[in-house]
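No value in this document is a laboratory result; all are computed from the given coordinates. Values in this document were obtained by computation on a predicted structure and should not be read as measured data. Reconstructed Cβ throughout: ideal geometry from the backbone, glycine too, with neighbour counts over all protein chains shown.
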Amino acid sequence: MALSSRVILKASRSSPPVATCNRQISSLSNAREWQRALLVLGSMPGLRLAPDGVTYGAAVKACERGRRWRDALGLLQRLRSEQLEPDLITWNAAVSASEKALMWQAALFLLFALPPLGLQPDRVGVSAAASSCRGSAWPWSLLLLRRLGGAADAAAFNSAASACEALLRWEWPLQLLSDAQGCRLSPDVVGLSCAASTCGGSRHWEWAVLLLSSMRRFQARPNLVSFSSGVSACEKSLRWQLALGFVEASRESGLRPDSIMLNAAVSSCEKLGQWRLAVALLSQMPQPGLVAHNAALGACAARGRWRWVLQLLAQMALRALAPSEITSGAVLGSLAHSQQWRKVLSCAAVFSRQAGHEANAVSLGALVSACEAGLLADGLLECLASLT
């Protein structure tokens, strides 16, 4: 006799056998041992025990936790063939199993099969089904929220907004927001931040700013992700004043700007040559990386501040940050533009000694300009050879 059968028989002496099986399956489900849970279910016919709705519900839950969507659907089919009535919790578990396995077709099929069974989808099922519609299946998440919006919650809105963000469909989060208000659903900070990020990524900064500004109306408190979305949206659209405004707003909210937010802020200053602000932001970062240094370097170089360029380059050395091709291009280009030819040669010599460092068009142009200036010093040709 199988081990599970012996356990059932021993436990059934003090309680009804089917109830014993149900408790054992639930216990195994909580322990995420879906194989053993199905083994108990499979042993019941041999003991002349008929599984009931609770049995199947516990088994489907075990399959959900084990991401066994096919087994979950098979159990639902068995439940129906035995003339047992499924409950919403069991059905939602099967939807969730399909969602975890990225089987959006199965999740939607299960959800839309509920009304003929006399059951109405609730927020748990709708959220799980919407979350399953990722990638190219994103239109289904929108359709789902429109048809079953009354049963949706903030998590469902977040899932649909996330699907739109992945494909940069900026107009759809705005429509989702309108639909949510029609269903008296209040999106939370996650969904609103996601929608703002989508608009910002598509260079529709006005909508991103509007969404972030509307958070308080939805009683959602902005977090670092929210403010970072705003900074990034403004950075992409060359709105450096607004980008810095979001940085300051995050501080006023008691948050400490992280490297992602400050990198985007420095980059926004670089693109419009706001070198003082770029350097100031860089100094506020506890451990600025290569991206932030390059952005500050670029801002200084754009305004001909070659002394600051060299100072930032020295700071990179102190922080053990290896210059990239972007770094060398900004440094050499700035020095050449300011006719600091000997410094061009000395910096080029340093860059040439770095393993794997290759010159870009700006670096080569600076060296060519040094040649034209008559500085054919010893080692210049070696610099050119090593950089190319």
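Once the Cβ-Cβ distance of Glu248 and Leu102 is raised to the sixth power relative to R0 = 45 Å, the FRET efficiency obtained is 0.65. FRET efficiency for Arg78 and Phe109, Cβ-Cβ distance as r, R0 = 22 Å, nearest 0.05? Here the calculated transfer efficiency is 0.80.
Look at His337, His293 and count the other Cβ atoms within 10 Å of each Cβ; fewest to most, that gives His337, His293. At full extension, Asn223 and Gln35 could sit 63.5 nm farther apart than now, given 0.36 nm per residue minus the alpha carbon distance.
Projected over every direction and averaged, the convex hull enclosing the alpha-carbon atoms of segment 214-340 yields 7.7 nm². Once you reduce segment 289-320 and segment 15-45 to the center of their Cα atoms, the two points are 65 Å from each other. Extension gain, Arg70-Arg216: 0.36 nm per intervening residue step, less the Cα-Cα distance, totals 48.2 nm.
Counting pairwise Cα distances across segment 11-109, what percent come out greater than 24 angstrom?
Details: 809 of 4851 pairs.
Taking all Cα-Cα pairs of segment 11-109, the fraction more than 24 Å apart is 17 percent.
Counting other Cβ atoms within 10 Å as a rough exposure proxy, the listed residues Arg342, Arg65 run Arg342, Arg65 from fewest neighbours to most.
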